[in-house]
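Engineer: Just dropping this structure here.
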Amino acid sequence: MADDDSTTLKKAKKSKHKKKRQRDSDEDLKAKKKHKKEKKKLKKESIDDGDDTSVTAKKAKKAAKKAKKEKKRKQKELDEKIVSSSAIEFYPDGLKTLQLAKNQEDEKQKAAAAAEAKAAAAAEEKEQSAANSVNNITLLLFYQYVEPCWDDDQFQVALKFVTDQGNKYGLTGRMRVAKEGLNCTLTGSHDGIRNWCAALRTFDGGRSKIDQVTGETITEFAKTEFKLTDDLPPKQRFPKLHAFEVVEIVNYGLAGSRAPEIAKYGGTHLEPEDYNNKMCEKDTVIIDVRNHYEANIGRFNPPEGGAKMIDPMMRKSTEFPIWLDKPETKEMLRGKQVLMYCTGGVRCERASALLKQKIETEDDTKSLGIKGVYQLQGGIDKYFKQFPEGGLWKGKNYVFDKRFSHAPPKVEAVDRTKKVLGDDEVAKVENVVDGIPSSAADEILGACEGCSKPWDMYRGKRRCPTCGVPSLICRECFDKDKFGVKKLGRDVRCDLCITEDVRNKQQLREREEREMKEYENNIKQKLGEKYEPYMQRKHAITRKPKANPERITRLFLKNMCAKQMDEEKLLEFLHPAKVTHIQWLTDRNTGAFYGSAFIEVKTAEDAGSVLAANGMSVLGRRMTVKYQKPDEKSIWPVPGTEVGVE
């Protein structure tokens, strides 16, 4: 019995210990779980407190970068001053496919030709082709006058900025750069063009500018309108980038004291829709500020009872101020509201300002009772973007780029479809372009100068033998001339020379000189002491200097304007060549300067650059330039002739 009790006691103790161990084990497990949970919580808190900031910082940095990039992209899209369109937007799918295939083939052939020519050239071509993907050429048209004009330092800063940025983004084309602003026609990739525009937006021109409306400080090109045409074929890309230093961004002969202030006198800018409505109003005239050979193949055609078209019949823009000053011109403007238009808008800026200045400052023009001066914002280029079917436009728009001329986008789509896919496909494309009739593409305003058949394509290098404007010659007449079947003689002249009965260059030159002399006399009377002959100069910054094998640095200049030429004007004209000495040649008896001088330049390359100016017009006279090696017996440079020393 005692053994049983003993056994029972042992079992009870054992059970008690077992339960205790189980209880301890459960408590340990709970404690461990609790500890683990607390440890995890502490770790999380430590991360939140910045103990593991590297991971968080990276994520935050990445998110910020992404947000900034997205904001920049949206800002580009929302830039209201960028007006863009696609060259193939209204093409039918079949034509788009063919165009893309052709562009791809053109690119392949171009790359292959470069590879055969030179391995290095092939590599460069390949790199260029990659940047300019198939059908991804964008054309940019823009201009901007700056007032007041840049000084010498600001001009150099602006010139360097636009060329450096152009090279950075792989742009090609022409930049007319003057102290009064920029006028550019450029080509590049879709992104390259837009990046260049964005960069120009940030350029302050080396000075601050105040917005006249908001009073805020803005950059020089903050409100510039950029007109873009995307999806052009690779063959319409300019080969190189050229920066031209000019006195005026449009050569009107209105530089210096002659230039009417655009901010003060400029015409009222009308957007395409408003301009279109104005063309339908009575007592209105429309002045085509372009050259006649441009208007010859395309122009606005207002409805009956609306505005009356006026073609000044100009061969070049310098004729506009003379035309505007004629009594018969003023009579056409009497009691009218005056509209002006050109290709992109730049030619209207000075033209409208000149007319408004005359209205405010000249009694005879003020008495005409002109009801307002308006200009087409963005020119024909922007009008086509808003009226792709053509609106009130007829014919082709002549352009100074690789397109040469083009119709409104929807009409162009019909025309291209007929030529590439045939008449059977026109019905399909008419649905795409909202029923533009195929006859619209057949409407030709110009005529071949050789056979008089309808023609509107300026091709080849032939120019009118009497006045030098581009010749409008059909393909058939070109071929006949090329193969000797029927030569294009000197009697084949432009329609303007035919109309005016101009038969030779001398006849035209004498007339121009007579009209210019009359105009200059009028200007002298109006400006008095402020009168200055205009300086006409066009110098390519990228132009290669003339050959100078003997490395001569002394040159002889003659036929300069004796009354107006001075050191400042001569240095400005010969820039960027660095002139170190000027010896003005004077009459031995009277001491009067008679228009000739010897100059010394810093380098032989500078001398080559100066020689390239031979025959150019400066202050109304064609200057003669030639190398003049110094005589070994003479002292050269002559003491006291240093530039900048009085």
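Engineer: (1) more than 16 Å from the chain's Cα centre (by Cα); (2) touching a residue at least 40 places away in the same chain (Cβ under 8 Å): which one isn't true of Asn183, the others all being true?
Structural biologist: Result: Asn183 fails condition (1) only.
Engineer: With the requirement that a residue be at pLDDT 90 or above and among the aliphatic types (A, V, I, L, M), what does the stretch 197-221 give you?
Structural biologist: Ala198, Ala199, Leu200
Engineer: If you don't mind, there's one more thing I want to ask. Run Met457 past the list (1) modelled with pLDDT of 95 or more; (2) farther than 20 Å from Thr499 by Cα and report the number of the one that doesn't hold.
Structural biologist: (1)
Engineer: Failed condition for Val579, given (1) within 22 Å of Val177 (Cβ to Cβ); (2) modelled with pLDDT under 90; (3) touching an Asp or Glu at 6+ places or on another chain (Cβ under 9 Å); (4) not polar (S, T, N, Q), with all others met?
Structural biologist: Among (1) within 22 Å of Val177 (Cβ to Cβ); (2) modelled with pLDDT under 90; (3) touching an Asp or Glu at 6+ places or on another chain (Cβ under 9 Å); (4) not polar (S, T, N, Q), the lone unmet condition for Val579 is (2).
Engineer: Going through the stretch 151-172 one residue at a time, which ones are touching a Gly at 6+ places or on another chain (Cβ under 6 Å) and within 15 Å of His242 (Cβ to Cβ)?
Structural biologist: Correct list: Gly170, Leu171.
Yes/no matrix, rows are residues, columns are (1) out of contact with any Ser or Thr (no Cβ under 9 Å at 6 or more places or on another chain); (2) hydrophobic (A, V, I, L, M, F, W, C); (3) modelled with pLDDT of 95 or more:
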| site | (1), (2), (3) |
| --- | --- |
| Leu496 | yes, yes, yes |
| Arg514 | yes, no, no |
| Glu520 | yes, no, no |
| Phe556 | no, yes, yes |
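Engineer: Any residue in the stretch 193-209 that is among the β-branched types (Val, Ile, Thr), farther than 23 Å from Gln377 by Cβ and either outside the structural domain of Glu532 (by TED's automatic domain parsing) or in a loop (DSSP other than H, G, I, E, B) (or both)? Working first, answer last.
Structural biologist: Filtering the stretch 193-209 for residues among the β-branched types (Val, Ile, Thr) gives 193, 202.
Now restrict to residues that are farther than 23 Å from Gln377 by Cβ: 202.
Among the residues that remain, those that are also either outside the structural domain of Glu532 (by TED's automatic domain parsing) or in a loop (DSSP other than H, G, I, E, B) (or both) are: 202.
Yes, the stretch 193-209 has at least one match.
Engineer: In the stretch 340-360, what count of residues is obtained for those that are in contact (Cβ under 8 Å) with a residue 24 or more places away in the chain and either assigned by TED's automatic domain parsing to the domain that holds Gly181 or assigned to a helix (DSSP H, G or I) (or both)? Break it down into steps so the answer makes sense when it comes.
Structural biologist: Going residue by residue through the stretch 340-360, those that are in contact (Cβ under 8 Å) with a residue 24 or more places away in the chain are 340-358, 360.
Now restrict to residues that are either assigned by TED's automatic domain parsing to the domain that holds Gly181 or assigned to a helix (DSSP H, G or I) (or both): 346-358, 360.
Total satisfying the criteria: 14.
Engineer: Going by what's in this entry, would Glu147 be described as farther than 16 Å from Leu228 by Cα, surrounded by fewer than 20 Cβ atoms within 10 Å (Cβ to Cβ) and either in contact with a strand residue (DSSP E or B) (Cβ under 9 Å, 6 or more places away or on another chain) or among the charged types (D, E, K, R) (or both)? Full working, then the answer.
Structural biologist: Numbers: farther than 16 Å from Leu228 by Cα: yes; surrounded by fewer than 20 Cβ atoms within 10 Å (Cβ to Cβ): yes; either in contact with a strand residue (DSSP E or B) (Cβ under 9 Å, 6 or more places away or on another chain) or among the charged types (D, E, K, R) (or both): yes.
Against the criterion (farther than 16 Å from Leu228 by Cα, surrounded by fewer than 20 Cβ atoms within 10 Å (Cβ to Cβ) and either in contact with a strand residue (DSSP E or B) (Cβ under 9 Å, 6 or more places away or on another chain) or among the charged types (D, E, K, R) (or both)), Glu147 qualifies.
Engineer: Just give me the residues in the stretch 540-582 being assigned to a loop (DSSP other than H, G, I, E, B), farther than 20 Å from Gly620 by Cβ and among the polar types (S, T, N, Q), in sequence order. Spell out the reasoning first.
Structural biologist: Going residue by residue through the stretch 540-582, those that are assigned to a loop (DSSP other than H, G, I, E, B) are 541-553, 559-566, 575-578.
Subset that is farther than 20 Å from Gly620 by Cβ: 541-553, 576-578.
Of everything in the stretch 540-582, those that are assigned to a loop (DSSP other than H, G, I, E, B), farther than 20 Å from Gly620 by Cβ and among the polar types (S, T, N, Q) turn out to be Thr542, Asn548, Thr553.
Engineer: Suppose we keep only residues that are of a type in the set (Gly, Ala, Ser) and in a loop (DSSP other than H, G, I, E, B) within the stretch 583-628. Which one would you say is surrounded by the fewest Cβ atoms within 10 Å (Cβ to Cβ)?
Structural biologist: Gly591
Engineer: For the stretch 217-317, please list each of the helices (runs of 4 or more DSSP H) lying entirely inside it that holds at least 2 residues being farther than 26 Å from Gly369 by Cβ. Before you say what the answer is, go through the steps one by one.
Structural biologist: Values: elements: 262-265, 272-278, 292-295.
Counting at least 2 such residues, we get 272-278, 292-295.
Engineer: Given the conditions (1) farther than 18 Å from Leu270 by Cβ; (2) at pLDDT below 95; (3) within 25 Å of the chain's Cα centre (by Cα), which single one is not true for Phe387?
Structural biologist: Of (1) farther than 18 Å from Leu270 by Cβ; (2) at pLDDT below 95; (3) within 25 Å of the chain's Cα centre (by Cα), only one is false for Phe387: (1).
Engineer: Considering only residues that are touching a Ser or Thr at 6+ places or on another chain (Cβ under 6 Å) and charged (D, E, K, R), look in the stretch 224-258 and name the one that is surrounded by the fewest Cβ atoms within 10 Å (Cβ to Cβ).
Structural biologist: The selected residue is Lys240.
The values are calculated or read from the model by the stated rules, or taken from the named source; none is laboratory data. Worth saying up front: this structure is predicted, and the values here are computed from it rather than measured. Every residue, glycine as well, gets a Cβ built from its backbone with ideal geometry; the counts of neighbours run over all protein chains shown.
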